[in-house]
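Notes to accompany the following structure.
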Amino acid sequence: MRESQHKRLTRSGSDRMVAGVFGGIGKYFRIQPNILRILYVLLTIFTGFVPGIIIYLILVIIMPADPQNPDLLSFIKSFSESQGKSQQSQQRSRRTLTDVEEKDIKRNGRS
């Protein structure tokens with residue numbers, strides 16, 4: 001099959017300065033990422049910084065990480081997902097007691 005059918009726009013894990021957005025875009029469109037970075041910095045400066053920063057953050061969130069070179073953000077997401085699952089399993093194993101009185105606790109040897 002042709003190479004263009006397998007291409008995906010992903011953040012680069014190897015050619016990155018911050019999150020690999022322009023490394024991934026450069027690889028996808030076969031443009032040097034440094035040219036894209038310079039153009040982006042100039043565009044960000046001329047638009048007053050805020051729109052450029054917001055666009056970059058949106059790209060970081062939307063673009064998936066390169067599956068061959070996972071980055072720190074992917075590691076943090078997978079770590080937080082595993083922590084959430086372990087907390088859910090701990091919450092399921094606990095029982096909630098209702099209508100417990102002090103005499104019931106003393107009867108079981110706990111004070």
Practice task
Using DSSP to define loop residues, name the trypsin sites (Lys or Arg not before Pro) in the stretch 8-39 whose beta-carbon has at most 12 other beta-carbon atoms within 10 Å.
Solution key: 8, 30
Practice task
Just grab the label-to-label distance for residue 14 and residue 32, each label 7 Å out from Cα along the Cβ direction, in nm (one decimal).
Solution key: 1.9 nm
Practice task
Would you order 60, 21 from fewest to most other beta-carbon atoms within 10 Å of each residue's own beta-carbon?
Solution key: 60, 21
Completion exercise
The extension gain from residue 99 to residue 60, computed as 0.36 nm times the residue separation minus the Cα-Cα distance, is 8.9 nm
Practice task
Would you mind calculating the gained length between residue 81 and residue 45 on full extension (0.36 nm times residue separation, minus the Cα-Cα distance), in nm to one decimal?
Solution key: 9.3 nm
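Bear in mind that the values in this text are calculations on the coordinates, not laboratory data. Computed from a predicted model, the values in this text were never measured in an experiment. Cβ coordinates were reconstructed from backbone atoms using ideal geometry, including for glycine residues, and neighbour counts include every protein chain displayed.
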